[in-house]
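Bear in mind that the values in this text are calculations on the coordinates, not laboratory data. From a predicted model like this one, the values you see are computed outputs, not experimental measurements. Cβ placement follows ideal geometry from the backbone for every residue including glycine, while neighbour counts extend to all protein chains displayed.
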Amino acid sequence: MVSDVNRRPLKKYALPPADFVVWRRDSQRFPFLPKEYEQGNPMTPILQGAFVMIRSAVVVIMLIGFFSVSWAVAGQDDSTHVLPGRIVLLSAITVGTVTAVHLYQARAWWEGPRAPFRFENDWVYALNIDKLGHAYGAYTLSHLFTYSMDWSGFSHSTSIYYGSVLGLAYQLYVEVEDGFHQEYGFSPGDAFSDVIGAAIPLAQERFPVLKNFALKWSYYPSTEYVDALRGGSGRVFIDDYQGQTYYITMDPHFLMGDHPPWWIPPWLGVGFGLAARDLQNTEARRRLYIFSLDYNFTRIETESSLLRSVFTVLDHFHLPAPGLVLDGSTVKLRLVY
Amino acid sequence: MRLASLLAILTTSVSLATAGDAVTHRDSSACRAEGLFFELRAVPLYEASPSVMERGELVMLGPGYALSRVWALSLLFATGSRVVAPSAARPVNGEFALGGARLELTYFLSDKGSIRPFCSAGAGLFSIINVGGLGYNGNGIHVGAGVGWEPTDFFRGKLGVEYDRMRFFNLVGQPEGQFEPFALNALGVSLSASFVPGIVP
């Protein structure tokens, strides 16, 4: 059976087109209250209004949240070194980026018909590579917010705390939007991954030994994705799960004490990766397991703050390196993966 | 009524059992009074109605915030399943996948000691969908009680019982719900683990 990999496979109750108008109108109802409760109830307009406002306000709340955090923390005693100019600049960049990403996602994912909000499990989708993607997304966004707040002069504990909160908030906003889309639904599994991804930076701060581990991502467009683009498809690379590999990497030096062997350079790490192939074919789809070398850019010493920033960003990606790929019962040595 | 009695007995027993503990234990290992935490919870659910046999399970994960040493608020995302037995009172039966989210307020009956009884209550939104794609939207409420254990300053375990009631109104995928609303009741044993980062902003 062949299905479109760009869509979750659990959608089994598509409406006939004739019902779409009713569907869209009905989506303004609050779907978790009984209809008979709404009919003739003086509270109904208020509930409906509140429902629409909540749905519309998610993005606004996120943006205001960032400003609120900045404002609140700026007043604390341990944040006297906060730089107002940088906060303003950072806030502007954040607002612009979130708006741009929202518009991009609205075109890429949410252009189809909307529906009453619902939850829908999708534990079999994309062999769970998407779940790793959600965790990685929350992890990376949390780090991004943390770095930004660090740069603005907040204390590191403040940055990492609110960085994780904001990273999780953004990921959940995406999931809530999915909940209103006819083809998706709010996936509790995705939310689980978001929570785990956002908790990792806090766990690393609480247990510094965990800083020797990292989540990384690599991407090489799959043939199916390239073909789809050539065919005029509006697909986005984030949904190209066959081209993505997610890694847990480790800096092995912490296991070697104060005097690691000279032949293991400080920037060399190892990683374990997970990928998927042939997702469009339910018979042939499978996971790939990758054992690979990795680069720990943050272990490269430099006096340049610009280079340090570049290395910090690069440390969220797995760049091509030699590795072993386990594909079914076949093991292949790849000099570059 | 039986449930209320059960919860009252459980709570009272745990309170008495830990009363001395509250006096003699230090708080050095206790989790921070305020701050963010993450909770993972598993709840096997069992029949609650006297005439209908049901079962299922909930697995929940989500963030929470300790408002004080005794009050905590959590947002838990839920996945699981419910098996609904045939009944004249309900239009559906069979096995359903369940997804949802619940907001929960927890109150610890003591602010001292590493073992503390608690009670909790909350409400949530849920959807159930069967293998044929037939699904329902609804809401739910729950109450629970049990005992929490904090062996370190970054971990909290909780064991408790909870009563769970979900009521479904909307047929997912159809603009009009052509069926009578139905409710699912269950009693569950909850086991949870929380990670408390203890990071102060």
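Using all Cα-Cα distances in segment B:91-157, what percent lands in each 10 angstrom bin from 0 up to the longest? Per 10 Å bin, starting at zero, the Cα-Cα P(r) for segment B:91-157 comes out as 18, 33, 24, 18, 7, 0 percent. In this structure, A:ALA106 and A:ARG287 have a Cβ-Cβ separation that, at R0 = 45 Å, corresponds to a calculated FRET efficiency of about 0.90.
Using the number of other C-beta atoms within 10 angstrom as an exposure proxy, rank B:GLU34, A:GLU205 with the fewest first. Walk me through the intermediate numbers first.
Details: B:GLU34 13, A:GLU205 20.
Listed from fewest to most nearby Cβ atoms, that is B:GLU34, A:GLU205.
Using θ = phi - 60° in the Karplus curve 6.51 cos²θ - 1.76 cosθ + 1.60, the 3J(HN,Hα) couplings for segment B:195-201 round to 9, 10, x, x, 8, 9, x Hz; x is entered for Gly and Pro. For segment B:123-150, backbone nitrogen atoms closer than 20 Å to the point 7 Å from A:VAL124 Cα along Cα-to-C-beta are found at B:127-136.
Using the Karplus relation 6.51 cos²θ - 1.76 cosθ + 1.60 with θ = phi - 60°, the per-residue 3J(HN,Hα) values for segment B:153-160 come to 7, 10, 9, 9, x, 9, 10, x Hz, with x marking Gly and Pro.
With neighbour counts taken as other beta-carbon atoms within 10 Å, the residues A:THR140, A:THR158 rank, fewest first, as A:THR140, A:THR158. In segment A:249-313, the C-alpha radius of gyration followed by the widest Cα-Cα span (Dmax) gives 17.1, 53 angstrom. In sequence order, segment A:167-178 has phi-based couplings of x, 5, 4, 5, 4, 6, 4, 4, 5, 4, 4, 4 Hz under the Karplus curve 6.51 cos²θ - 1.76 cosθ + 1.60, θ = phi - 60°, and Gly or Pro positions carry x. Between amide H atoms placed 1.01 Å from N, distances below 5 Å from B:LEU109 occur with B:PHE118, B:CYS119, all of them 5 or more places distant or on a separate chain.
For A:LEU268, the residues whose amide H sits under 5 Å from its own are A:ASN296, ignoring neighbours fewer than 5 places away on the same chain, with H placed 1.01 Å from N.
Positive contributions from Lys and Arg (+1) and negative ones from Asp and Glu (-1), summed over other residues with Cβ under 12 Å from the Cβ of B:ALA183, come out at +1.
Could you tell me whether segment A:91-135 comes out rounded, prolate or oblate from its Cα gyration tensor? Rule is a ≥ b ≥ c as square roots of the eigenvalues, rounded for a/c under 1.5, then prolate if a/b exceeds b/c, otherwise oblate.
Numbers: a/c = 2.55, a/b = 1.48, b/c = 1.73.
Verdict is oblate for segment A:91-135.
Tell me, B:GLU47, A:GLU283 in order of fewest to most beta-carbon neighbours within 10 Å? Kindly include the intermediate steps, with their values, before the conclusion.
Working: B:GLU47 16, A:GLU283 8.
The fewest-first ordering by Cβ neighbours comes to A:GLU283, B:GLU47.
For A:ALA115, the residues 5 or more places off, or on other chains, whose built amide H falls under 5 Å of its own are A:HIS181, A:GLN182.
Could you state the orientation-averaged shadow area of the convex hull built on the Cα atoms of segment A:94-221, in nm² to one decimal? Please list the in-between numbers first.
Working: hull surface 35.8 nm².
The orientation-averaged projected area of the Cα hull of segment A:94-221 comes to 9.0 nm².
Can you tell me, using C-alpha contacts under 8 Å and at least 6 residues apart, the relative contact order of segment A:210-337 as a whole percent? Averaging sequence separation for qualifying contacts and normalising by length gives 22 percent for segment A:210-337. Computed from the C-beta positions of B:SER87 and A:PHE254 and an R0 of 60 Å, the FRET efficiency is 0.55 to the nearest 0.05.
Restricting to Cα pairs below 8 Å that are 6+ residues apart, what does the relative contact order work out to for segment B:95-167? Please round to a whole percent.
On the way: 154 pairs, mean separation 20.3, N = 73.
For segment B:95-167, the relative contact order is 28 percent.
Stokes-Einstein D for segment A:210-337 at 10 °C, 1.306 mPa s, Kirkwood Rh over Cα pairs, in µm²/s? It comes out at roughly 97 µm²/s.
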